[in-house]
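This report concerns only the one structure given below.
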Amino acid sequence: IDHFQPKHLAGKRVLITAGPTSEAIDPVRVITNRSSGKTGYAIAQAAREAGAQVVLVSGPTSLPCPRHVLRIDTESAIDMHAIVMNEATQADIFISVAAVADWHVINSSQQKLKKTEQGQGLPELQFAPNPDILAEVARLSDGPWCVGFAAETENLHEHAEAKRKRKGIPLLVGNLAQHAMNADTTQFVLFDDKGHQALPAQPKLSAARELILAIAQRHSSIQAK
Ligand code: C5P
């Protein structure tokens, strides 16, 4: 049914991150974010329908890969960062949807940690910050046009616009986390240098198609300059 979709991104190479990252504590335990990957996978499908060549760098999810999309599986933020930096200079557009963990455990154990006996105390995890993948891609001089996401639980407008400026990106998509998380519907608010625009609440795939159209319009207008 691919050919019924307008090809707004024909010939463009689109790199997308999706899903959570998973940071090891030991071989059986991880720290992760609540992210099903549904939004990022819907955006990958919509970009492909719009004619793009899509590379989807995915953290652990239970979703099937959309048709004709190249998926690269990753676990930790450090893995995801390495793959993305390798792919980014070949992409025209980078859409960073992944819920990347802010920290990883530096003293993770090669062996399963044992439940401590009484009086022996609890494991002491030490954390270090993860690389900010989106901010780093946005700083590349020959890098792609970047789109970020902000899932907030309150004050969406303030946080989203501040985040867009801090990351140095032309477009940031805000959504209210409590509505979108693990749901099949979502509402996007687009923030750019002209202000903001709320899209209707709708199923994730139709929201993704609207977002892809908005991205294609903005990307082609900067290319025309
Ligand atoms: O403020 P925060 O860092 O959570 O911003 C979220 C945006 O940044 C999302 O687009 C997310 O994919 C991206 N991000 C990233 N690497 C991180 C943290 C967030 O690419 N370490």
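Just so you know, all these numbers are worked out from the coordinates, no wet-lab data involved. These figures come from a predicted structure and were not determined experimentally. Note that we place each Cβ from the backbone using ideal geometry, even for glycine, and neighbour counts take in every protein chain shown.
Using the C-alpha gyration tensor of segment 43-90, what are the square roots of 5 times its eigenvalues, in whole angstrom, with the largest one first?
Working: eigenvalues 74, 41, 8 Å².
Equivalent ellipsoid semi-axes, largest first: 19, 14, 6 Å.
Check each of the trypsin sites (Lys or Arg not before Pro) in segment 99-157 and keep only those in coil by DSSP with at most 11 other C-beta atoms within 10 angstrom; list them in order. In loop regions of segment 99-157 (DSSP not H, G, I, E or B), the sparsely surrounded trypsin sites (Lys or Arg not before Pro) are Lys112, Lys114, Lys115.
Of the beta bridges in the chain, as assigned by DSSP with both residues counted there, near 40 percent are antiparallel.
To the nearest 20 debye, what is the magnitude of the charge dipole of segment 74-225 about its Cα centre, counting +1 on the Cβ of each Lys and Arg and -1 on the Cβ of each Asp and Glu? Provide the component values of the computation, followed by the final result.
Numbers: 14 positive and 18 negative charges, 30 e Å.
My answer is approximately 140 debye.
For the peptides 187-200, 92-105, what is the packing order when you average, over each peptide's residues, the other Cβ atoms within 10 Å and list the highest mean first?
92-105, 187-200
Loop only per DSSP, at most 12 neighbouring Cβ atoms within 10 Å: give me the trypsin sites (Lys or Arg not before Pro) in segment 30-110, ordered by residue number. Intermediate results must be reported in sequence, preceding the final value.
Details: sites: Arg34, Lys38, Arg48, Arg67, Arg71; in loops: Arg34, Arg67.
For trypsin sites (Lys or Arg not before Pro) across segment 30-110 that sit outside H, G, I, E and B with at most 12 neighbouring Cβ atoms in 10 Å, the list reads Arg34, Arg67.
Relative to the Cα centre, what is the charge dipole magnitude of segment 12-88, using +1 at the beta carbon of each Lys and Arg, -1 at the beta carbon of each Asp and Glu, and rounding to the nearest 20 debye?
Values: 8 positive and 7 negative charges, 78 e Å.
It works out to roughly 380 debye.
In the chain, the DSSP-assigned H stretches of four residues or longer account for a calculated mean residue ellipticity at 222 nm of -9000 deg cm²/dmol, using -39500 (n - 2.57) per stretch and the full residue count as denominator.
Of all stretches in the chain that contain no GluC sites (Glu not before Pro) in a DSSP loop with at most 13 other Cβ atoms within 10 Å, the longest one is 1-116. Against the empirical curve 2.2 N^0.38 Å, the C-alpha radius of gyration of segment 181-225 lands at a ratio of 1.29.
May I ask for the percentage of alpha-carbon pairs in the chain that lie more than 22 Å from each other?
Working: 13055 of 25200 pairs.
It works out to 52 percent of all Cα pairs.
Ordering Ala162, Ala214, Met181 by Cα displacement along the dipole of the chain toward the positive end leaves Ala214 in first place; charges were set at the Cβ atoms of Lys, Arg (+1) and Asp, Glu (-1). Toward the positive end of the charge dipole of the chain, about the Cα centre and with charges on Cβ (Lys, Arg +1; Asp, Glu -1), which of Gly11, Ala82, Gly40 goes farthest? So the residue we want is Gly11. Annotation: amide H-H contacts under 5 Å for His104 (H modelled 1.01 Å from N, sequence separation of 5 or more, or interchain): Ala128, Asn130. Rounded to 0.05, the FRET efficiency of the Thr185 and Gln217 pair, given R0 = 22 Å and the Cβ-Cβ distance, is 0.40.
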